[in-house]
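Where a number appears in this text, it was derived from the coordinates with a stated rule and is not lab data. What you see is a predicted model; the values in this text were computed from it and never measured. Here Cβ is always computed from backbone atoms with ideal geometry, including for glycine, and neighbour counts include all displayed protein chains.
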Amino acid sequence: MIPATAISTLKGLLDRHDRFVLLSHVNPDGDSIGSSLALYNYLHDPGREVTVITPNDLPAFLKWLPGAEDIIVGKYKPEEAASRIAAAEVFFFLDFNEPGRLKKLESTVNGNRDAYRVLIDHHPSPVIEAGLVISDTSVSSTAELLYSVLKSLDATSILRSPVAVNLYAGIMTDTGCFRYNASHSATWEAVADLMRAGIDINDIYSRIYDNYSEHRMRLMGFALDKKMVILPEKHTGYIWLTREELERYGYVPGDTEGFVNLPLSVENIRFSALFLELGDKIKISFRSKGTFAVNRFSSAYFNGGGHHNAAGGECTMTMEETLKKFESLLEDYAHEI
Ligand SMILES: [Mn+2]
């Protein structure tokens, strides 16, 4: 339940202000884009200036979402992003709670001290300072949390298709099509409600998941056949891809989306990781099933964090050293996994 005081604060902000900037995190995923665009479509009104800004580009499989064509990508249009941010009266931070995830936009956002800040997120331990914090780690996704917020603001709002399609896309992608973080009945009640808006869930699924490039499918085949390491005694599996291998398959950001989950489909595997050589670092994703807290593991050893069963991290060592470090840590953690 969203506290009544939060809803009345939001109502006041929407009544008093006209310029809203909705901020998404770097490498935006389905939840951050779905949430931003749902709120964008909800707020959209001739009397208002509502802008969705992302630090870098969104993956191609999200570009069809209603309103996506209006998103300003900071990396491509830094001046336009900066002027909208400077003019904003209200910022919404959606699906992240750590200011560094804005990358270069962070200092621009911090330059506007007058704008009211609203945080809507489901990650643990928010560090963004905001006048209004709507944070709940028990929900499946920011989109589900935003669904409750919009429903409390105006019960009919979510019955508008552009809002409902985006909320559904956020919930669907953040739960891996309802395979994880979807064990609360409230998630399914939200989905049932969104379906009453007349959205076509098969079409949304297909546009997001049956929309991969040929080279991405071949990269996945290569990763599974040649680059997946399964350690049955450690209940762990991981995939590692070097820069050269990614380039060979014409890698573009988003291509490895979901790869980290693949080892979890192997019997008795409860902990999985994906190591990608990107930029001057090894970017890491972790997933687990059950009690093993990958966010704590990542923050302790790989400079990252996230959720209990899904986290990110990074390492400045070489791929070989990173994998060696990871495998030696598994010795210590085998009993917990
Ligand atoms: Mn999320």
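Quick look at the numbers
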read-out: 27 Å Cα-Cα reach of K104 towards lysines, excluding residues that sit fewer than 8 places from it in its own chain; value: K63, K75, K77, K281, K283
read-out: Full-stretch length increase - S183, D200 - with 0.36 nm per residue and alpha-carbon distance subtracted; value: 3.9 nm
read-out: Viscosity 0.692 mPa s, temperature 37 °C, Stokes-Einstein D of the chain from Kirkwood C-alpha radius, µm²/s; value: 159
read-out: Inter-part distance where the stretch 135-203 and the stretch 78-101 are each reduced to a Cα centre, Å; value: 24
read-out: Extension gain from S125 to F222, taking 0.36 nm per residue of separation minus the Cα-Cα distance; value: 31.2 nm
read-out: P(r) weight above 21 Å for the stretch 70-187, C-alpha pairs, percent; value: 46
read-out: Theoretical ellipticity at 222 nm over the chain - DSSP helices of four or more residues, -39500 (n - 2.57) apiece, nearest 500; value: -12000 deg cm²/dmol
read-out: For the stretch 120-127, 3J(HN,Hα) per residue [Karplus equation, 6.51 cos²θ - 1.76 cosθ + 1.60, θ = phi - 60°, Hz, x = Gly/Pro]; value: 10, 7, 10, 8, x, 6, x, 10
read-out: Cβ-placed point charges (K, R +1; D, E -1), dipole of the chain about Cα centre in debye, nearest 20; value: 100
read-out: Contact order relative to length of the stretch 214-333, as percent, for alpha carbon pairs under 8 angstrom and 6 or more apart; value: 19
